[in-house]
There are 2 protein chains.
Amino acid sequence: MTKQILLNAFDMNTPSHQSNGLWRHPRDQRHRYTSMAYWQDLARTLERGLFDGIFLADVTGIYDVYGNSPDTALSNATQVPTNDPFAIVPVMAAVTEHLGFGVTGSIPYLHPYSFARLVTSLDHLTNGRIGWNVVTGYLNSAAKGVGQVQQTAHDARYDIADEFMEVVYKLWEGSWEDGAVVLDKAAGIYTDPARVHRVSHDGTYYALDAVHLCEPSPQRSPVIYQAGTSPKGQAFAAAHAECVFVANHNRGVVAEYVRSLRAQAVACGRAADDVKVLALLSVVTGESDAAARAKFEDYQSYGLRQGALALISGWTGVDMAKLDPDATIAEMDSDGIRSIASSLCARTVGEWADYLVVGGAAPTLVGSPVTVVDQIEQWVDDTGVDGFNLAYTVMPECMEEFVDLVVPEMQRRGIYKTRYAPGTMREKIFGQGPRLRAPHPAARWRLPTGDADQASAG
Amino acid sequence: MTKQILLNAFDMNTPSHQSNGLWRHPRDQRHRYTSMAYWQDLARTLERGLFDGIFLADVTGIYDVYGNSPDTALSNATQVPTNDPFAIVPVMAAVTEHLGFGVTGSIPYLHPYSFARLVTSLDHLTNGRIGWNVVTGYLNSAAKGVGQVQQTAHDARYDIADEFMEVVYKLWEGSWEDGAVVLDKAAGIYTDPARVHRVSHDGTYYALDAVHLCEPSPQRSPVIYQAGTSPKGQAFAAAHAECVFVANHNRGVVAEYVRSLRAQAVACGRAADDVKVLALLSVVTGESDAAARAKFEDYQSYGLRQGALALISGWTGVDMAKLDPDATIAEMDSDGIRSIASSLCARTVGEWADYLVVGGAAPTLVGSPVTVVDQIEQWVDDTGVDGFNLAYTVMPECMEEFVDLVVPEMQRRGIYKTRYAPGTMREKIFGQGPRLRAPHPAARWRLPTGDADQASAG
């Protein structure tokens, strides 16, 4: 392989994201997630390692399917407590210059008018380093949190999401022309009203008749992340997503997904590499293979399998407390579990849960830097992914070790950058920007008089 | 007077808040409001001056009543463009240790479940420095932004607000007991599920059945700010508010308001000084009275009266473009305008607009530090207010000069602190806390087993 690997840290504003129980490790510092110092130290480490970004997952709800109760999630810290992902973005941006932020925002719990303003505000403050991970919501507990009886059906959620995207694109791209802010102190004209336009939208799910409240930020629309794998989800990703996130142990499944997604993007008129695919990955490394293996086994000994089962129950909607975790999945009468688990190469639910103890629902590479990077290259060659979302194990040491040991080995082989590219997050990842271009659907709402090459004022 | 004056900076994430046109001043830096450096420099200046906090106003909408168009607001930069106030709080918190944040959140555009999480997240990150200015919303343009035909009627908005407060208090105070996070690495128990409780609410406007997503933050409920002066607004403030904000030129009116509000708070079972009243104020100072006067006249020459009229039109709902600004208000046939303008000591709408050129809809004190502090003392003696919300004129010089010239004079007279008190924002302002105590309505939802003196983990 010769292409440069993209790298995101995969994280969440919570003590325990996907490595269930590793908060118990004596060296783990993750309980400090409520403090500013924790996130600033982490951001500095990631920027030292030239990470493209930090991807912040979010779940607006609690995992209460397992045992029909939130108790296991609470005692195991299975993604609860969990704080707002957007609150830590300015904190980390304040001590970095290049690191990007892919932040999860779940459409059912957002209003497009105020959400568009929040994203524009952050894109200004970070000089164009904001990405948005578009999620359509999936926990019934979250639906109850906003007063619904249960979640909207899966396909309808994508219809709502399509309309939401149209509204926010109109606000980001079609309300303020480039150059609308003239800042003419002598004439007393801050903004030229002729270059600001009301956005009118009267749809099935959203109605709006308003001027976007913000002047254009460096990227206008944020870098769009998405992670849908269902047919509707893939179609949505092919149309909208710039970075797509996959989580699977099975290289064949991932390779087929990459091929299918790029083909669909091309069918939408986009270039195949207008969509970057990042695979979930976890790494446990050390000076030697033996040292890394010993570390992995040490980590494993702190795992909490019940927390992993609570996570799987929330994802699948099936209460794993009622199943024998060692029964083979092939024998289970749930199509959902069968299709997910088999693609993960898990023979039993228990095996699946074991994955969620060190590194999440994806491969965990264990070995010296040479061994790890051999496998990284093999993964890219076998699947065609553009890079990785690196899930954490014991924090912050796993990220520090990755930066100190694995990054230099990737650089030595010429598969990883040795300095950041200039510009916004979009320019760094795609080598072009800072704005989305046709035929991306956001560009449809760009004003004909707008000039993408002219920087906005302010 | 002997009591210590409380001091907030009055600001908004926008180029021009209340001093219409002063962004035109050659030394004004306000167009840098989109940048992180601007807010961090300002925060450092305010903390150097021992300000208790920065109060961030917000308007979710655009001032389009004047001339039935947003054009004047846009060209004059009348509170537009305007970015999200919450986005800059972590930015300023990252470079300060004591400065508090009173942030406006408008109830019609928030959902209690996600808003409660945002506030708790920020209270964690800032070590308990978050206040929330409760606003019920007032621009029709904002209602259209969220797909409503027009604003909800005034009194109904307070009914909605009362119910919103109940829901967020339940989440902040009644979901997680103190000590619920045990962080027992050996036993593998992060949170004790027996000490986390589901919040159920089935009301007229909100329904909820959910666990708060966050562990308790230092203050739990943020310091509650409010600015209502209508009968419904005063009743709301007397019940809920810890800091109340008034804007009026007329000391008699302010004195009566302070007396009435404290009496209503006492009728609610609270102590008279459980509610701090902050009056809007602006200061133009210099080495001498003459120097300050010259600076004031220089500032005035940059004013944009039309922008001020757009602001007044938005506040009153009356299109000032249709009125003769020099007609006396007493002759106008709008009760709303008469009652507001007369209390401001404005004889005409034009006079009112002139106030909104240097310093906002409140007194602007002009003079040497001795002259200014004489008047500050007189204001406190005449009205009984606890302190001031300091509106800006030319930024950042007005705040730097206040800190360098006025603060030392107040300290010399013993009416202003010489160091910050320890603890959270609530403890700094009230000398007790960090949690709200009975009979404040938030305390009603505290769990009987909770122990306010026991710090929460994490």
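Consider residue B:32 against the criteria (1) in contact with a Phe, Trp or Tyr (Cβ under 6 Å, 6 or more places away or on another chain); (2) open to solvent by less than 20 Å² (accessible area, probe 1.4 Å); (3) in a helix (DSSP H, G or I): it satisfies all of them except one. Which criterion is unmet?
(2) is the only condition that residue B:32 fails.
Just to be sure before I move on: is residue A:50 in contact (Cβ under 8 Å) with a residue 12 or more places away in the chain, in a loop (DSSP other than H, G, I, E, B) and closer than 30 Å to residue A:422 by Cα in the structure I sent? Reasoning before the result, please.
On the way: in contact (Cβ under 8 Å) with a residue 12 or more places away in the chain: yes; in a loop (DSSP other than H, G, I, E, B): yes; closer than 30 Å to residue A:422 by Cα: yes.
Taking the combined requirement at face value, the residue satisfies it.
Please give the strands (runs of 3 or more DSSP E) falling wholly within region A:194-282 in which 1 or more residues are facing chain B (nearest Cβ under 10 Å). Don't jump to the end; show me each part of the working.
Values: elements: A:199-202, A:207-210, A:223-226, A:243-246.
Qualifying strands (runs of 3 or more DSSP E): A:199-202, A:207-210.
Could you list all residues from region B:97-116 that are facing chain A (nearest Cβ under 10 Å) and closer than 24 Å to residue B:43 by Cβ?
B:106, B:115
What number of residues within region A:111-133 are assigned to a loop (DSSP other than H, G, I, E, B) and touching a His at 6+ places or on another chain (Cβ under 9 Å)?
Of the residues in region A:111-133, 2 are assigned to a loop (DSSP other than H, G, I, E, B) and touching a His at 6+ places or on another chain (Cβ under 9 Å).
Inside region A:368-392, can you point out the residues that are open to solvent by less than 20 Å² (accessible area, probe 1.4 Å) and either without any contact (Cβ under 8 Å) to a residue 60 or more places away in the chain or charged (D, E, K, R) (or both)?
Those that are open to solvent by less than 20 Å² (accessible area, probe 1.4 Å) and either without any contact (Cβ under 8 Å) to a residue 60 or more places away in the chain or charged (D, E, K, R) (or both): A:373, A:386.
Here is a check on your reading of the model: is residue B:120 touching a Leu at 6+ places or on another chain (Cβ under 6 Å), within 9 Å of chain A (Cβ to nearest Cβ) and closer than 23 Å to residue A:110 by Cβ?
No.
Does region B:203-261 hold any residues that are open to solvent by less than 20 Å² (accessible area, probe 1.4 Å), out of contact with any Phe, Trp or Tyr (no Cβ under 9 Å at 6 or more places or on another chain) and of a type in the set (Gly, Ala, Ser), and which are they?
B:237, B:238
Being assigned to a helix (DSSP H, G or I), surrounded by fewer than 18 Cβ atoms within 10 Å (Cβ to Cβ) and not charged (D, E, K, R) is the filter here, so list the residues in region A:296-314 that pass it.
A:300
What are the residues in region A:316-360 that are modelled with pLDDT of 80 or more and on the phi > 0 side of the Ramachandran plot, if any?
Passing the criteria: A:317, A:359.
One line per residue, one yes/no per condition, for (1) modelled with pLDDT under 95; (2) under 26 Å from the mean Cα position of the chain (by Cα):
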| position | (1), (2) |
| --- | --- |
| B:134 | no, yes |
| B:150 | yes, yes |
| B:161 | yes, yes |
| B:170 | no, yes |
| B:183 | no, no |
| B:187 | no, no |
| B:203 | yes, no |
| B:225 | no, yes |
| B:231 | yes, yes |
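Just for region A:172-187: of the residues that are of a type in the set (D, E, K, R) and surrounded by 18 or more Cβ atoms within 10 Å (Cβ to Cβ), which one is nearest to the other protein chains (Cβ to nearest Cβ)? Walk me through how you get there before you give the answer.
Of all residues in region A:172-187, those of a type in the set (D, E, K, R) come to A:173, A:177-178, A:184-185.
Among the residues that remain, those that are also surrounded by 18 or more Cβ atoms within 10 Å (Cβ to Cβ) are: A:173, A:177-178.
Working: A:173: 16, A:177: 12, A:178: 14 Å.
Per the criteria, the residue is A:177.
Considering each residue of region A:178-228, count those that are hydroxyl-bearing (Ser, Thr, Tyr), within 22 Å of residue A:108 (Cα to Cα) and in contact (Cβ under 8 Å) with a residue 60 or more places away in the chain, and give that number. Reasoning before the result, please.
Narrowing region A:178-228 to residues hydroxyl-bearing (Ser, Thr, Tyr): A:190-191, A:200, A:204-206, A:217, A:221, A:225.
Those still in the list that are within 22 Å of residue A:108 (Cα to Cα) too: A:200, A:204-206, A:221, A:225.
Filter once more, so that each one left must be in contact (Cβ under 8 Å) with a residue 60 or more places away in the chain: A:206, A:221, A:225.
Residues in region A:178-228 being hydroxyl-bearing (Ser, Thr, Tyr), within 22 Å of residue A:108 (Cα to Cα) and in contact (Cβ under 8 Å) with a residue 60 or more places away in the chain: 3 in total.
With respect to the numbered conditions (1) in contact with a helix residue (DSSP H, G or I) (Cβ under 8 Å, 6 or more places away or on another chain); (2) open to solvent by 10 Å² or more (accessible area, probe 1.4 Å); (3) not in a loop (DSSP other than H, G, I, E, B), which one is the sole condition not fulfilled by residue A:293?
So residue A:293 meets the others, but not (1).
Given B:190, B:169, which one is buried (at least 23 other Cβ atoms within 10 Å of the Cβ), part of a strand (DSSP E or B) and not aliphatic (A, V, I, L, M)? Walk me through it before giving the result.
Working: B:169 fails: part of a strand (DSSP E or B).
Of the residues listed, the single one that is buried (at least 23 other Cβ atoms within 10 Å of the Cβ), part of a strand (DSSP E or B) and not aliphatic (A, V, I, L, M) is B:190.
Restricting to region A:53-72, name every residue that is facing chain B (nearest Cβ under 9 Å) and either touching an Asp or Glu at 6+ places or on another chain (Cβ under 7 Å) or free of Cβ contacts under 8 Å to residues at least 40 places away in the same chain (or both). It would help to see each step written out before you state the result.
At the first step, the residues of region A:53-72 found to be facing chain B (nearest Cβ under 9 Å) are A:59-62, A:64, A:69-72.
Within region A:53-72, A:69, A:70, A:71 meet the criteria.
Is at least one residue of region B:13-26 under 23 Å from residue B:77 (Cβ atoms) and without any contact (Cβ under 8 Å) to a residue 24 or more places away in the chain? Let's see the steps before the verdict.
From region B:13-26, those under 23 Å from residue B:77 (Cβ atoms) are B:13-26; that's our starting set.
If we keep only those that are without any contact (Cβ under 8 Å) to a residue 24 or more places away in the chain as well, we get B:26.
Yes: region B:13-26 contains one or more residues that are under 23 Å from residue B:77 (Cβ atoms) and without any contact (Cβ under 8 Å) to a residue 24 or more places away in the chain.
Can you tell me which residue among A:371, A:393, A:383 is among the β-branched types (Val, Ile, Thr), at pLDDT 95 or above and within 19 Å of residue A:30 (Cβ to Cβ)?
A:393
Give just the number: which of (1) open to solvent by less than 10 Å² (accessible area, probe 1.4 Å); (2) over 20 Å from the mean Cα position of the chain (by Cα); (3) at the interface with another protein chain (Cβ under 8 Å from one of its Cβ atoms) does residue B:94 not satisfy?
(1)
The values are calculated or read from the model by the stated rules, or taken from the named source; none is laboratory data. Everything quoted here is computed from the prediction, not taken from an experiment. Virtual Cβ from ideal backbone geometry, glycine too; neighbours counted across all protein chains shown. Surface areas here come from the heavy atoms of the whole protein model, side chains and all, with no ligands, DNA or RNA. Shrake-Rupley method; radii C 1.70, N 1.55, O 1.52, S 1.80 Å.
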